[in-house]
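A.B. asks: Structure provided below as structure tokens; questions to follow.
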Amino acid sequence: MRRYRFPKLMYLVLVLLLLVAVGLAACAQQPATEAPAQEQPAEKPAEEKPMEEEITLAIEHFSIIEGTTWSGAHDRAGKRIAEKYPNVSYIYREEVGPDSTVPFAEELIAEGADIVIGNAEFMGLPLKDIADKYPQVIFGSVIASDLTTKPNFVRFFPRQYQALYLEGLVAAALTESGNIGVVSAFPSVQVIRRQAGFTLGVLDGAELLNKDVTIYVKYVGDWYNPTEEREIAKTLIDQYKVDVLTQQSDSGSPLDVATESGIWYVGKDMDIVGEYGWSSTDTVAISFDTRWEVIYDRMVQSKLEGNPPETVMYPGMESTFTLADGTVETTVDIMNDGKVGVEAISPKALPKIPQEIVDLVKQRREQMMKGEWDPFTAHAFISNGTGLELEGQPVPEKGAEVKPAGETPTVEWLLAQFNFDLEGVTILE
Amino acid sequence: MLAFLIRSLEAAMIFTFAGLGELVDQRGGVLNVGLEGIMLFGATLGFIAAKITGNYFIGFMVGMGVGALLGLAHGFFSITLGVDQVVSGMGIWIFGFGMTTYIGNPHTGPLGLERLPTVFEISPFFFLAVAMVVVVWFVLSKTGWGLNVRSVGEQPEVAEVSGLKVARIRYLCVIFGGMMSGFAGAVYGLYYNPVWNYNFLMGWGFISLALVFFSMWNPFLLFGGAVLFGLLWQLSLNPQMFFPGLASRYIWRMVPFIMTILVLILISSNWFRTRWGAATPEALGKPYHKE
């Protein structure tokens, strides 16, 4: 009689599978963020520039477009540019990994692309390797922490921290428990910088209202891990009594937990209520929107004018783009349910927010739109003693003043060297 | 603390559903490493169905149905065609990962239905999981059906000679296994984390697979392991609650897999085979060809 034994080889295969699972558990997804745009009252008609040359803008998206906040916003930007300029067309590729960035780019160039963008640093950086081969093409990549440039390899990011500062003011006003939670990805320059904007807003709001507010940050270890994001959101609510929740990670789970728990949620990157209808203003107190078209427009203009592009672009609320229908939009702006500015504050949340905070949101927004005020210039940077150790740049000791109030940090420092949390946050294990 | 325990049990119930299906699969001699893919399908299609119809029941039925179909597909490849079971299972996993991303993307975001109620703050699915453990144990250990399943998983030639239809029994096992995995996915997508995102399981199917080996094919041990894995999962998120400063949460996260690897090493040892040799279904992973 034949006897069957579970072969040893099979055990080996299973052990390997388990190791894969360990990897899955420990590995991560990539970037995240950004948002769709929206409508402000039409103020001026679209500027129709006479443009003879045909331009093709190509975007390589690291993820799929549909239903995503990051690539969805980049895609919307490409469409808005093409809609505005009859002689500009927009083409794209989805789910581009770092190994396929260059092959896809060359394919897009063969299709006529004059501008090729990688919408995340991990897959956009390889474009610099072919920048010299195609000097007539402008290449561009989002910045996460690297600032490598070439004359035709542009690095860019929007000053989202400005909108996050305004959100922080609202969050400080809304918390009753005095505890605000952040479900965050992992310590990186981009995450730290964004959290710093939010933190300064909360601290200013708390000071104005004479409230004691604690910001709890708990890292997922990944930009995208829906299950853990959910669990961390629940932990923040159950154990740390958080009643205002925000996130610097990518899945919709924290929003769902906030809805389920009946607490306030502060959005990021896009107007998820107005754009996707993922929730309502009963939960989303405020959110913000990012308009990448402000940046892409600069590249298109430099191409049309035959001028070399700026190699580092870091526009904020002072920079605008006029849509084809004449709507003027800033690079970033607070936005919720299709409304911008203080109108974006949830109608249900608004009565709970003292007038002085509403006035301050309005005032700071206007000042930032005029380029007269910036939270990172106005405030001192006091280290919390936590953050990300960079090569040759340890995390400053707790309490150390890294930058005095009134001094404007350089673009390079903000984009590549901001490596510490600001005093006022509690980083949870 | 109570919240910690409740959330541990919610994770445990999902591991239990998927693990029980795989356990029956394996007791019948068929290994299905594609649990993750089937769970992704069950979660995604169940989520879409519930979202479109606004009906949870339809969502769960769709989840179970698609799981059963994928189990049937695995059966066709591994039983009828006799292909390598690991390869077939891996194919289902990869297919599930890609296809559910494609199908589900337009539905990214929260489910938008009112949450299902709890019983004393505990998920009703937890009680269902406990009941299923007892039922599976009873059927496998105390009934003729269970004996037939175990027979084809141990010595299919003998079972065939005794008049059992090995292929048919194995088909029923893989369909049941697929159905349970699909249901586990649906519970995840409709109850535990009702927000669709691509690849949202992030390895829970593999945890369930590991659990079957950890349990040494015993439903009660499987349930105990599920609760243990659920606790470890929660601990990996909040290690400071019990062991502040002891180890990074990323180390804790790997503990269930490390424990399973140790169990695999243990049960493949000669000592274990001599002492507890009956634990592993003898014909597990081997295609059976009628002679």
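A.B. asks: Looking at A:275, A:329 in this structure, which one is modelled with pLDDT under 95, under 21 Å from the mean Cα position of the chain (by Cα) and closer than 18 Å to residue A:79 by Cα?
C.D. replies: Step by step, each of A:275, A:329 is checked, and only A:275 is modelled with pLDDT under 95, under 21 Å from the mean Cα position of the chain (by Cα) and closer than 18 Å to residue A:79 by Cα.
A.B. asks: Then there is this: Looking only at segment B:243-256, decide whether some residue is under 24 Å from residue B:149 (Cα atoms) and either of a type in the set (S, T, N, Q) or within 8 Å of chain A (Cβ to nearest Cβ) (or both).
C.D. replies: no
A.B. asks: Next question. So which residues in segment A:350-384 are touching a Leu at 6+ places or on another chain (Cβ under 7 Å), outside any helix (DSSP H, G or I) and among the hydrophobic types (A, V, I, L, M, F, W, C), if there are any at all?
C.D. replies: A:353, A:381, A:382
A.B. asks: Do the conditions hold for residue A:94, that is, is it within 14 Å of another protein chain (Cβ to nearest Cβ), farther than 18 Å from residue A:295 by Cβ and surrounded by fewer than 24 Cβ atoms within 10 Å (Cβ to Cβ)? Spell out how you get there, then give the answer.
C.D. replies: Numbers: within 14 Å of another protein chain (Cβ to nearest Cβ): yes; farther than 18 Å from residue A:295 by Cβ: yes; surrounded by fewer than 24 Cβ atoms within 10 Å (Cβ to Cβ): yes.
So residue A:94 passes the test.
A.B. asks: Could you list, in sequence order, the residues of segment A:360-407 that are farther than 28 Å from residue A:321 by Cβ and either outside the structural domain of residue A:210 (by TED's automatic domain parsing) or among the acidic types (Asp, Glu) (or both)?
C.D. replies: A:389, A:391, A:397, A:401, A:407
A.B. asks: Then there is this: Quick check, is residue A:100 buried (at least 20 other Cβ atoms within 10 Å of the Cβ) and modelled with pLDDT under 95?
C.D. replies: Taking the combined requirement at face value, the residue does not satisfy it.
A.B. asks: Among what's in segment A:246-275 and is over 21 Å from residue A:177 (Cα atoms) and surrounded by fewer than 24 Cβ atoms within 10 Å (Cβ to Cβ), pick the residue that is nearest to the other protein chains (Cβ to nearest Cβ).
C.D. replies: The qualifying residue nearest to the other protein chains (Cβ to nearest Cβ) is A:275.
A.B. asks: Of the residues that make up segment B:262-276, is at least one in a helix (DSSP H, G or I), among the charged types (D, E, K, R) and more than 19 Å from residue B:207 (Cα to Cα)?
C.D. replies: Yes, segment B:262-276 contains a residue that is in a helix (DSSP H, G or I), among the charged types (D, E, K, R) and more than 19 Å from residue B:207 (Cα to Cα).
A.B. asks: Any residue at all in segment B:63-82 that is within 12 Å of chain A (Cβ to nearest Cβ), in contact (Cβ under 8 Å) with a residue 60 or more places away in the chain and not aromatic (Phe, Trp, Tyr)?
C.D. replies: No, segment B:63-82 has no match at all.
A.B. asks: Would you mind telling me which numbered condition in (1) more than 14 Å from chain A (Cβ to nearest Cβ); (2) in contact with a Leu (Cβ under 7 Å, 6 or more places away or on another chain); (3) assigned to a loop (DSSP other than H, G, I, E, B) residue B:163 fails?
C.D. replies: Among (1) more than 14 Å from chain A (Cβ to nearest Cβ); (2) in contact with a Leu (Cβ under 7 Å, 6 or more places away or on another chain); (3) assigned to a loop (DSSP other than H, G, I, E, B), the lone unmet condition for residue B:163 is (2).
A.B. asks: Filter segment B:193-219 down to the residues that are in a loop (DSSP other than H, G, I, E, B) and more than 7 Å from chain A (Cβ to nearest Cβ), then identify the one that is farthest from the chain's Cα centre (by Cα).
C.D. replies: Only one residue fits best here, namely B:198.
A.B. asks: Say we look at segment A:385-396 and pick out the residues that are in contact with a strand residue (DSSP E or B) (Cβ under 6 Å, 6 or more places away or on another chain) and part of a loop (DSSP other than H, G, I, E, B); which of these is nearest to the other protein chains (Cβ to nearest Cβ)? Steps first, answer last, please.
C.D. replies: In the first step, residues of segment A:385-396 are kept if they are in contact with a strand residue (DSSP E or B) (Cβ under 6 Å, 6 or more places away or on another chain); the result is A:386-387, A:395-396.
Still in the list and also part of a loop (DSSP other than H, G, I, E, B): A:395-396.
Numbers: A:395: 18, A:396: 23 Å.
The extreme case among them is A:395.
A.B. asks: So, residue B:52, is that one surrounded by fewer than 17 Cβ atoms within 10 Å (Cβ to Cβ) and of a type outside the set (Lys, Arg) or not? Reasoning before the result, please.
C.D. replies: Working: surrounded by fewer than 17 Cβ atoms within 10 Å (Cβ to Cβ): yes; of a type outside the set (Lys, Arg): yes.
Here the answer is yes, as residue B:52 does meet what is asked.
A.B. asks: When you scan segment A:129-244 for strands (runs of 3 or more DSSP E) that lie fully inside it, which ones turn up with 2 or more residues that are of a type in the set (S, T, N, Q)?
C.D. replies: A:179-184
A.B. asks: Here is a follow-up. Within segment B:90-133, can you find the residues that are touching a residue at least 40 places away in the same chain (Cβ under 8 Å) and either of a type in the set (D, E, K, R) or more than 14 Å from chain A (Cβ to nearest Cβ) (or both)?
C.D. replies: Correct list: B:95, B:115, B:121, B:122, B:125, B:126, B:128, B:129, B:130, B:132, B:133.
The values are calculated or read from the model by the stated rules, or taken from the named source; none is laboratory data. Please read all numbers here as calculations on a predicted model, not as lab measurements. Neighbour counts run over all protein chains shown; Cβ positions are idealised from the backbone, glycine included.
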